[in-house]
Amino acid sequence: MGVINRVINYTQRRGLREIMTRLPSSSPENLVRMTHLAEILTRNHDDKEILRQMREAFRQNHPSLQLARNAIARLSPNCRDRLVNNLMISALVIGNSMRENEIYQREGFTPPLLMVISPTMRCNLNCYGCYAGGYRQDFGLPFELIDRVITEGKELGIYFITFSGGEIFIREDIWEIYAKHPDVYFQLYTNGTLIDRETAQRLAELGNVAPMISTEGMEQRTDARRGAGTFKRIMQAMEHLAEAGVLFGASCTETRDNMEEICAPEFIDLLIDKGALVIWYFQYIPIGRTPVMELVPTPAQRDEFRRRVRDLRNTKPIFIGDFWNDGYYVGGCIAGGRQYIHINANGDVEPCACRLSRRVGRGRARGRRPSDTPGRGVDPCRAQGADQAVRRGICALR
Ligand code: SF4
């Protein structure tokens, strides 16, 4: 990194840290002022635009203002600092600029924002239709490989790692990964059943790990797919995480059957009451042990879901990500190295965590650097000769 870039990054970090130290006592007016300062410190045009939109939303007393205040109030100081330092500053503000400028000039491509890694496919549950069943259960990434891939990712400006699986809390050695990379932000997709009070406390001490707990909706539906008693364990896990001040959220697979339930205001209110700050929606994809075509949402349901999510965003103080209906906002499919890649539990580099049988090239994480993977920068749909597949972010191959 050149001297000028180092100076710019230093100035950005100092300015953004200054914002951070003032956050806990911020009034709505100050939050608006801080978006001005953050905009000045940001070099990326898309980020500037997001900050402008955020400012406008705050001014209009949009629920996102309450969400920001909830996040400030609910997170422990350590979790709040890591969220701002690792995710917002290193992965987004400085990371975006680094990947798009320095790394692009050096490597000839723009690395993705995040890597999704599946360290194991083993799980303590056996949910109906689980995609993890499509992989061999004895697959698992060695600690050294996970550590090396994350280290090399950082050299490429990647500071946001998502662990999928399998159930990540089954692997005790992964705690050492979180501690060894305190500058990285880790998001975990988990069934939540292994998060007790002590686990939540350990996560709070680390500060750089945010669990997203899978649920199908309310108790009856969740237990029907995940096993009796799972919903109660999820609710307990959320209480422990909230008590410890850890950022957490919910991850919901949208099917033809549960669509109404997972976007019902009562369900969203329950999650907010428990302290969740995020919901990820994923439309059901018929892969895995027992794919069921009848569970795939219909086009009309997808459209209706899109409308409901828009209404929820305008009324509820919770961050909502809607895969794949949000493709419109991110310029289409983000897989294939455009914004993310998936490294599965066998060490294969895949364009997308949901496309296990359709890998691009022979990308292998073992023995290679992330920048060596053939999948980078490749649109997986086009790589399969389906040029028309990605339209307005909707992948027709699914
Ligand atoms: S908790 Fe997740 S990984 Fe485990 S069986 Fe259920 S869906 Fe599969």
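The values are calculated or read from the model by the stated rules, or taken from the named source; none is laboratory data. Source: prediction; values computed, not measured. Cβ atoms come from the backbone with ideal geometry, glycine included; neighbour counts cover every protein chain shown.
Structure values in brief
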{"quantity": "Spans of helices (runs of 4 or more DSSP H) in the stretch 23-114 with at least 3 residues under 26 Å from Lys316 (Cα atoms), not assigned by TED's automatic domain parsing to the domain that holds Leu247 and not aromatic (Phe, Trp, Tyr)", "calculated": "28-41, 45-59, 63-74, 77-82"}
{"quantity": "Number of the exception - Lys154 against (1) touching a residue at least 40 places away in the same chain (Cβ under 8 Å); (2) not in a loop (DSSP other than H, G, I, E, B)", "calculated": "(1)"}
{"quantity": "Tally, over the stretch 211-253, of residues that are within 15 Å of the ligand (Cβ to nearest atom) and more than 13 Å from Ala276 (Cβ to Cβ)", "calculated": "15"}
{"quantity": "The lone exception for Gly192 - which of (1) farther than 26 Å from Glu304 by Cα; (2) buried (at least 23 other Cβ atoms within 10 Å of the Cβ); (3) away from the ligand (no atom under 16 Å from the Cβ) it fails", "calculated": "(3)"}
{"quantity": "Test set (1) modelled with pLDDT under 90; (2) among the aromatic types (Phe, Trp, Tyr); (3) surrounded by fewer than 20 Cβ atoms within 10 Å (Cβ to Cβ) - Tyr131 fails condition number", "calculated": "(3)"}
{"quantity": "The listed residue being closer than 25 Å to Asn101 by Cα, surrounded by 12 or more Cβ atoms within 10 Å (Cβ to Cβ) and at pLDDT 65 or above, out of Glu56, Glu49", "calculated": "Glu49"}
{"quantity": "Condition broken by His342, with the remaining ones in (1) out of contact with any Gly (no Cβ under 8 Å at 6 or more places or on another chain); (2) within 22 Å of Phe267 (Cβ to Cβ); (3) at pLDDT 90 or above satisfied", "calculated": "(2)"}
{"quantity": "Test: Ile213 is touching a residue at least 24 places away in the same chain (Cβ under 8 Å), over 18 Å from the mean Cα position of the chain (by Cα), crowded, with 23+ Cβ neighbours inside 10 Å and not in a helix (DSSP H, G or I)", "calculated": "no"}
{"quantity": "Helices (runs of 4 or more DSSP H) (entirely within the stretch 244-314) containing at least 2 residues that are under 19 Å from Gln187 (Cβ atoms)", "calculated": "265-274"}
{"quantity": "Per-region count, the stretch 179-189, residues more than 16 Å from the ligand (Cβ to nearest atom) and either within 14 Å of Thr253 (Cβ to Cβ) or surrounded by fewer than 20 Cβ atoms within 10 Å (Cβ to Cβ) (or both)", "calculated": "4"}
